[in-house]
1. Across segment B:226-264, what is the total count of residues that are open to solvent by 40 Å² or more (accessible area, probe 1.4 Å) and polar (S, T, N, Q)?
2. Given the structure, is residue A:291 more than 14 Å from every other protein chain (Cβ to nearest Cβ), free of Cβ contacts under 8 Å to residues at least 24 places away in the same chain, over 30 Å from residue B:2 (Cβ atoms) and surrounded by 12 or more Cβ atoms within 10 Å (Cβ to Cβ)?
3. Going through segment A:301-350 one residue at a time, which ones are among the polar types (S, T, N, Q) and either at pLDDT 95 or above or open to solvent by less than 60 Å² (accessible area, probe 1.4 Å) (or both)?
4. What helices (runs of 4 or more DSSP H) completely inside segment A:70-168 contain at least 2 residues that are within 8 Å of chain B (Cβ to nearest Cβ) and in contact (Cβ under 8 Å) with a residue 60 or more places away in the chain?
5. Taking only segment B:147-172 into account, find how many residues are touching an Asp or Glu at 6+ places or on another chain (Cβ under 9 Å), within 14 Å of chain A (Cβ to nearest Cβ) and closer than 25 Å to residue B:74 by Cβ.
6. What pairs come up if the first residue lies in segment B:258-283 and is part of a helix (DSSP H, G or I), the second is of a type outside the set (S, T, N, Q), and their beta carbons are under 6 Å apart, counting only those six or more places apart or on different chains?
7. Run down B:24, B:7, B:37 and say which single residue is within 23 Å of the chain's Cα centre (by Cα), within 14 Å of another protein chain (Cβ to nearest Cβ), at pLDDT 95 or above and open to solvent by less than 40 Å² (accessible area, probe 1.4 Å).
8. Mind listing just one residue for me: the one in segment A:215-231 that is crowded, with 18+ Cβ neighbours inside 10 Å and in contact with a Phe, Trp or Tyr (Cβ under 8 Å, 6 or more places away or on another chain) and, of those, nearest to residue A:133 (Cα to Cα)?
Amino acid sequence: MSVNKVEILKRMVRIRMVELYIARRYPEQKMRCPTHLCLGQEAAPAVCGYFAGGDDIFVGTCRSHGHYLAKGGNLTALFAELLGSGKGCSKGLGGSMHLIDLGVNFWGTSAIVGGGIPIAAGAAFRLRYENAPQIVVVFLGDAAVEEGVVYETVNFALLHKLPLVFVCENNALAITTPIELRQCSTILHDRFQTMGMNSFYVAENDISQLIEAIRVSYARARTGLGPTFIEYRVSRWCAHVGPAFEGPVDLWWQPPAASGGGHGCPICVLRDELIAGGAIRLEYIRSLRQQVQQEIEEAYRQAESTAGPIGQDPAAFVYASGLACELPSRGPVRGIEFRHAEASKLVNAF
Amino acid sequence: MEMDESVFVVGQGTRDRGHIFGSVEGLLARFGPQRVVEMPISENAVAGICVGAALSGLRPILVLQRADFSFLALDQLINHASKFHYMFGGQTSVPLVVRLIVGKGWGQGPQHSQSLHSMFAHFPGLRVVAPADPHTAKGLLLNAVFANDPVIILEGRPLYGTAQVIPEEPYTVPFGQARGIREGTDITIIAVSFVVPEAIIAADDLSRAGLSAEVIDLVSVNPLDIDTIVTSVQKTGRLLVVDTSWSYCGISAEISAVVHEKLFGELQSPVRRLTIPFTPTPTAFEWEDRYYPTHVQIAQWAQEMICGAELCPTGPTS
């Protein structure tokens, strides 16, 4: 199967540019929620999104703008959510840390480290229950591997051979605390091998190896071979939370000489590979930048125009059903209701 | 489980000959291992897996053999299950039932006998019930299974021996309804879970002394059936709350607050709360025996509230 790396580059660029745009407008104080950017960490979402079908499910973390966008999550609804608008993807009740777009099977994110992991396994349990062909991808950071629930979930996922892919983006930081102060080993994936887990270690910016790891993991999950754990080393170029960033964040569209040879920027690494291989030229990058910038500005304008909190009292969302519940009539059971058509449309929209 | 294939049970001991105190007996043979899932001792992950399964449209019933074990699952139950519907703007729901069995007696001790309904009732997004009779237990369980919200059911282990003729066909009992057990005019006694039978005996004792106690089984801890409580106390002018959890920040405090807020000028005496003492559960037989409210204490307290400590006639409890 040939991999369209240009498409992967486009996805990375889009995530980078959205995050930069948020970082620049955040000080206006219209986006008023803890916002965790993924600058420098665009590759895993982009590749995971590239290989995922519309019916596959993603579950994210507090740092999931990239995962949301990679799955095809609506950009305007993301901005609107950050702006606290009732038109946001969570109606303004979640903010940056609680993103959802069920239309593309992006099932939500948790602001509790490790919180989404067993939930993703539960979604995978349902797929296994139905012998459905879909898979679930759950994102986590290195700090989540300090939570007991990860080991509990890995055990369950292996026991039940769940169609689940753990994608651990190891940026070696918990807020600002380096991994050396937190973990007995700075390599994470191999500890799960003793439990029987198939795992991959991908070095920073080894995009080809990342592509291979994700491709193989998805295929394993789809064919009933169970879960895989991928550890991918990354650098976070921004503050844990908020708009501050450093590093070669915005040099990727400059000529390679001006961008200092990339200096660890995953976009530069892939760009240089694609230029060297003749797949694209620098002009392509520049026109891509222009095109994405237009999309972002238009989406933000739209999101701003919807500003204002949800009109309905949010107390209405505490409970899904009333005090008295109806017994079902005996009969066939609901099947999985994935949003096939809608999902594939959105994934391909960009 | 027959009515809806999306319902499944997860618990520890589903294959054990005790079948979780008989509560899952026969299910494995009938519905298979896919719908009667034996859990690893990983309460938090399993709770989260239930949340994820519930988000997917399944209706999990998670059973923990002791309510105390639920502390290990609180991240998923409180941070996730109770909030997903709200924090994603009503787009997702978590139809999850958590059955928590509360131990009592035979030296269950500090970590096998905690009644946690008050704690769970603190969190919006959960429904919390503690049935005390078979009819209510069956109706509430079915209501919980087919609700689209996470529901915590506290099951008092001592109540498992209660016998009652109930309809064989399925029926539901709604959340938020207290159960009036007997009518009275001098005092209202509200009891929770396995102290309900004690309250009923106490009311019998009181009636022999010529005192008329109204007995209410609270049943629903969140939401509270404020109407039933207020209507009753308006009539009797007195309220004694008897609870299996601690009084401090407990549901008895909440009930007392609500009654004082609504009926301040109409009370004949301040609300009183008879609960377990503010200590962990002792294991030693003699101490454990004294730990839980008894019908003798309930009758004594009620009598004092009605007659005043000095004026009590030769009591039913002397």
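1. Final tally of qualifying residues: 3.
2. Yes.
3. Correct list: A:302, A:305, A:306, A:321, A:344.
4. Those helices (runs of 4 or more DSSP H) span A:116-130.
5. The number of residues fulfilling the criteria is 0.
6. B:258/B:226; B:259/B:233; B:259/B:239; B:259/B:271; B:262/B:230; B:263/B:233
7. Exactly one of B:24, B:7, B:37 is within 23 Å of the chain's Cα centre (by Cα), within 14 Å of another protein chain (Cβ to nearest Cβ), at pLDDT 95 or above and open to solvent by less than 40 Å² (accessible area, probe 1.4 Å), namely B:7.
8. Result: A:218.
The values are calculated or read from the model by the stated rules, or taken from the named source; none is laboratory data. It should be emphasised that the depicted structure is a prediction, and the values quoted were computed from it without experimental measurement. Backbone-built Cβ (ideal geometry, glycine too); neighbour counts: all protein chains shown. Each accessible area value is taken on the protein alone, full model and side chains, heavy atoms only, with ligands, DNA and RNA left out. Shrake-Rupley method; radii C 1.70, N 1.55, O 1.52, S 1.80 Å.
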